[in-house]
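Report on the following structure.
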Amino acid sequence: MRRYLRHRGDRLRQVSGDPICDPAQTETLAAERLAAGRPVLRRSVGGEPRGVLCAMGVCFECRIGPEQRRACMEPVESRLSDRVAGALAEAISAVPEAPPYDLAVIGAGPAGIAAACAAAESGKRVALLDEGLAPGGQIWRGGRVPPAWRERLERSGVVSLDRATVFDLQPGFAVQAERAGEPLQLKASALVLATGARELFLPFPGWTLPNVVGVGAVQALLKAGLSFRDRRVVLAGSGPLLLPVAALLAEDGADVALVAEQSAPVDVARFARSLWRWPGKLVEAARHRLSFPAARYRPGVWVVEALGDSRVREAVLTDGERVFRERADILGVSFGLLPNTELGELIGCELEAGALRVGARQETSVPGVFAAGEPTGVGGAELAAVEGFVAGFAAAGREAPVALLRRRESLRAFSRLLASAFHPRPELRALARPDTLLCRCEDVPLSALEPSWGARQAKLAARFGMGACQGRTCGPAARFLFGWEGDSVRSPVKPASIGSLVGAHPGRAL
């Protein structure tokens, strides 16, 4: 499995006070720009400076250049060793063997790798597609796939296709993707959707300032080689992702000033008391917290505003009674995770509570389509891997071991506990002011929208949700604020070049 070089040599310091390291140590264009002290990557349609937000290829805020490439998904090719660069070029130029595959797995995080290995080891021909620079997904980004998993994937015979953005699924499980700017098409007898999750962003004044990023984005940038050493970081939002990201920052040498959890102290305490049922989770949480002992962890506190000029300088927070400020070079904010269900919806899979509905064998409502991991409900890496194995066995016509099914049920109980303890509080609906932008792609403020509308009317009247992210960022926010249901999912589910679209739909007028 290819991995990109990462060196943790001496970090460079610059007078600007930005989070700086040697750009030569970074792996993506986004990390390189931030390392060079250039947090402003583009200007919005209204002229606002914009930088990285999600760092996962979802929000499209970091698109750069005439081709509008996502800087967080683009490798810094010149920073690779000759061996790695050669392997990448060979992999990108290689044409996969003629279809059909027995199984196509979309998403190469823990769920996707587990599903691909289970099916391939059962004698099936498997293709594994992912947008990332290498298999691993967000949790194992930057070449962090555990050695045992990496070796198992390599031995399995899975055809791994990195940097492949799937934008359409057609009848007969024809997968249409774009890979390194070139069209990629393959067919399979069955599908496993392991498309992961994205962060929930809720609008507040100043949230479009550069260096206001997702909590998961901080993690992704760290894994891409960016250092936050000696930078003052405030993390605010909700969910267990706050602790491991704070721990990673502390390990990197950042000044973690505050970790603010918006859930009420009573809910956080109830969650902590319940962890005895999952000793491994309890130990993990304690280890993370002990990694940043000097930083304050405050439940019942949430961000209300970000202040700055061309980048964030201060975070304004409240506990519902007192408002206070914290100086911040980086403000990491997100309010939980949302399943990525668009590809499943595109081919007719039914939803349940905002996730793909699956049965005992991880099968969806569409025959031949299975789902595993976060698209079936956010539950963490271990549950994702277990569900991936179950889905891979089922796609190969095998039954999963009983012990695996029991472990899945235990981990699902843990995910339900997470959902009950960490959910956005009602006060967050009042954060946005009339001039606060809700749609970042099209610069649509709150004042341009009527709560009585729906998503479709908002598109027609104000271009809400019609930007590059296709509503992935603003749509969930509107659902939380107004109760709007999302509009229908259509192809292409992600932006693709005209050449790729023509290749996917020959003869269709575009």
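The listed residues are ILE113, ILE139, and the only one of them that is in contact (Cβ under 8 Å) with a residue 40 or more places away in the chain and in a loop (DSSP other than H, G, I, E, B) turns out to be ILE139. In the stretch 390-411 there is no residue that is among the basic types (Lys, Arg) and within 22 Å of the chain's Cα centre (by Cα).
If you filter the stretch 122-168 down to residues that are surrounded by fewer than 24 Cβ atoms within 10 Å (Cβ to Cβ) and of a type in the set (Val, Ile, Thr), you find that the one that is farthest from VAL192 (Cα to Cα) is ILE139. Checking the stated criteria, ALA260 turns out to be surrounded by 22 or more Cβ atoms within 10 Å (Cβ to Cβ), within 24 Å of THR436 (Cα to Cα) and small (Gly, Ala, Ser).
Just name the residue that is farthest from ARG416 (Cα to Cα) out of those in the stretch 306-336 that are touching a residue at least 24 places away in the same chain (Cβ under 8 Å) and assigned to a loop (DSSP other than H, G, I, E, B). Here the residue is SER310. Inclusion of GLU182 among residues that are of a type in the set (Asp, Glu), at pLDDT 95 or above, touching a helix residue (DSSP H, G or I) at 6+ places or on another chain (Cβ under 9 Å) and surrounded by fewer than 21 Cβ atoms within 10 Å (Cβ to Cβ) is not warranted.
Taken as a whole, the condition of being in contact with a Phe, Trp or Tyr (Cβ under 9 Å, 6 or more places away or on another chain), under 30 Å from LEU431 (Cα atoms) and in a helix (DSSP H, G or I) applies to ALA250. Against the test of being at pLDDT 90 or above, small (Gly, Ala, Ser), in contact with a Lys or Arg (Cβ under 7 Å, 6 or more places away or on another chain) and assigned to a strand (DSSP E or B), the options ALA260, ALA236 yield a single qualifying residue, ALA260.
If you check ARG440, ARG472, ARG425 for being surrounded by fewer than 18 Cβ atoms within 10 Å (Cβ to Cβ) and of a type in the set (Lys, Arg), only one passes: ARG425. Quick check on the stretch 358-389: of everything there that is surrounded by fewer than 24 Cβ atoms within 10 Å (Cβ to Cβ) and among the acidic types (Asp, Glu), which residue is farthest from VAL192 (Cα to Cα)? By that ranking, first place goes to GLU382. In the stretch 275-304, the residues that are in the same structural domain as PRO205 (by TED's automatic domain parsing) form Cβ pairs under 8 Å with partners that are exposed (fewer than 12 other Cβ atoms within 10 Å of the Cβ) and in a strand (DSSP E or B), at six or more places apart or across chains, as follows: VAL304/VAL323.
If you check PRO367, PRO339 for being of a type outside the set (Val, Ile, Thr) and in contact with a helix residue (DSSP H, G or I) (Cβ under 9 Å, 6 or more places away or on another chain), only one passes: PRO339. If we keep just the residues of the stretch 23-34 that are modelled with pLDDT of 85 or more and either in contact with an Asp or Glu (Cβ under 8 Å, 6 or more places away or on another chain) or not basic (Lys, Arg) (or both), which is nearest to LEU226 (Cα to Cα)? Among those that are modelled with pLDDT of 85 or more and either in contact with an Asp or Glu (Cβ under 8 Å, 6 or more places away or on another chain) or not basic (Lys, Arg) (or both), it is ALA31.
The values are calculated or read from the model by the stated rules, or taken from the named source; none is laboratory data. Computed from a predicted structure; not experimentally measured. Counting neighbours? That spans all protein chains shown, and the Cβs are built from the backbone with ideal geometry, glycine included.
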